[in-house]
1. Could you run the Karplus curve 6.51 cos²θ - 1.76 cosθ + 1.60 with θ = phi - 60° over the range 251-258 and give me ³J(HN,Hα) per residue in whole Hz, x for Gly and Pro?
2. Too long at a 31 Å Cα-Cα cut-off: which of LYS154/LYS380; LYS250/LYS409; LYS250/LYS306?
3. Which residues' amide hydrogens lie under 5 Å from the amide hydrogen of ARG193, considering only partners 5 or more residues apart or on another chain, with H built in the peptide plane?
4. Hey, got a sec? Which GluC sites (Glu not before Pro) in the range 42-132 land in a DSSP loop and have at most 16 other Cβ atoms within 10 Å?
5. For LYS460, go through the aspartates and glutamates and keep the ones whose alpha-carbon is under 16 Å away, minus same-chain ones fewer than eight residues off.
6. Could you do me a favour and compute the accessible area per residue for the range 123-256, 1.4 Å probe, result in Å²?
7. With a 1.4 Å probe and all protein chains kept in place, how do THR57, THR202 rank by accessible area, largest first?
8. How much solvent-accessible surface does ILE236 expose, in Å² to the nearest 10, with a 1.4 Å probe and all protein chains in place?
Amino acid sequence: MPSKIKKSSWGGSRPGAGRPRKSEAKAAAFEAAEPSLNRGFVGFQITNPRNEISSRTRLEMLRLSRWLYNNVGQATYIVEHLAQRAVGSGLVVQPKSSNREWNRIVDRHFEDRCCAEAWAFDSAAQVNFYTAQSLILRQVALDGDFFAQFLKTKDNAARVRFIGGESVGAMGVAYGDPAYHDGIELDSFGAPRRFRVITSATEQTYADVPAEDILHFRHIRRHGQPRGVSWLHSAINNLRDASEIRGFVKGGFKAASQIAYVITSNEAVKVGLGAGLRAGNEAGETLTTADIPNGILIPKLRPGEKLESFKNDMPGQSFDPLMRAIAAEVAFAVGLPPEAMMLNVGLAGTEQRAVLEIAQNFLERLQQMVIDQFCRPFYKYWLWHEIQAGRLDYPGDDWWRHEWLAPKKITVDSGRDARAYSEQLDKGHISWQRFNNIQGLDAESEEDEIIATAQRRAEKCAAIGLDWREVFPNSIRSGIAAQTPQDSTPAQP
């Protein structure tokens, strides 16, 4: 049946007017790809990962992230917390060649050289091998990427030169050159050939360093992106908003705090809010200090006026919920649940352990990034040059085998976890080495300490005619390290 023609005094009849609005089509396989009048338009059209991060975009987020780190406490806490939690006092190498004595020598040599002395490791003599790990995480979190160039001393010893993300750029490259992207020359597969290191921005000088001499540290967000992006990339706006809101509220609170009392009057109801309402007491009758000790000023009130204490209502009831909501968005942007940033307290034990497990997985990912991109390549580079220089013997073709010892896992109940791991060890469900690695300890070093302690105790007790097993009974009866069955006789040291 044809629809009725709606008549109008504005231009006559309009065919089709008055028909009900058609509902949006629901036949699309993926409605997310269809336009909608119920939400905003997204004009992002870039699909090539290489072009997604331009030099301007990367440097602008680098600049904002550094400012937030310097001025906003939440940004500082996030970066410092993740860097220190992930590596602690440092990831420790464990040589694993078939020559155990050679492993001991290498371990001690690496510890004495690269892990103890900054000048023997860093060309700028600022960090050693351990402190460099947290530095790398902080730099990558803020700048998006960080670099280290392999160097050698006159004695053919390995060192590194750290290079900030702002010092690698496309200086001197023609605009649109397909071989370069933001300071990195790429081959046809997207692998780096050379890195353009800016030596002086004012003098427009640079040096091209071969890719095999450069370590590039970054979180690879998407395959095909040559450069990294700040970890705060999707939290920058929220962090800036939170900083500005706190500044406004703080300014309002400080202004309101300067008002101690207010004068109230019912006369405003009678005369109205117009010209008939006097602005205040006339000159000469505003304040008096007569007969008042210490010179305290008290206003002289008119009939009907009252002096009342001013109540400061800043920041208001909505301030804390808003700040928590913004902080939660920041935590999600970094990659952690808000509870891991201590935003919500009072969780049950099971819920808290679930949150810590997520946080631990996140930290382990950071640890693996540091191991893959820094620790492993530098250790092998250093070790090979020490062998070539004759400072270490060549043990065989497995000279490069090693593992990395991470810090102890985070927990909310160390006593409960320790008892559980000890029980697994006593029952033989985990090895002695795994038990120590969970604690962030080196199993072989712990064994050496246990044996040395037992021997020292035995020698001291024997010197004065005492049985060391009676002086230190827990060492052999209930000590986990002894691993002795209850019905057997303890072995002599």
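The values are calculated or read from the model by the stated rules, or taken from the named source; none is laboratory data. Note that the structure is predicted; figures quoted are calculated from it, not measured. When we count neighbours, we look across all protein chains shown, and the Cβ atoms used for this are built from the backbone with ideal geometry, even at glycine. For the accessible areas, the whole protein counts, side chains as well, though only heavy atoms, and no ligand, DNA or RNA atoms are used. Shrake-Rupley method; radii C 1.70, N 1.55, O 1.52, S 1.80 Å.
1. Computed from phi, the couplings for the range 251-258 are x, x, 5, 5, 5, 5, 5, 7 Hz.
2. Flagged as over cut-off: LYS250/LYS409.
3. GLU185, LEU186, ASP187
4. Loop-located and lightly packed - GLU117.
5. The reachable aspartates and glutamates, counting only those whose Cα sits under 16 Å from LYS460, are GLU470.
6. I get 48 Å² per residue for the range 123-256.
7. Details: THR57 40, THR202 130 Å².
Descending order: THR202, THR57.
8. 10
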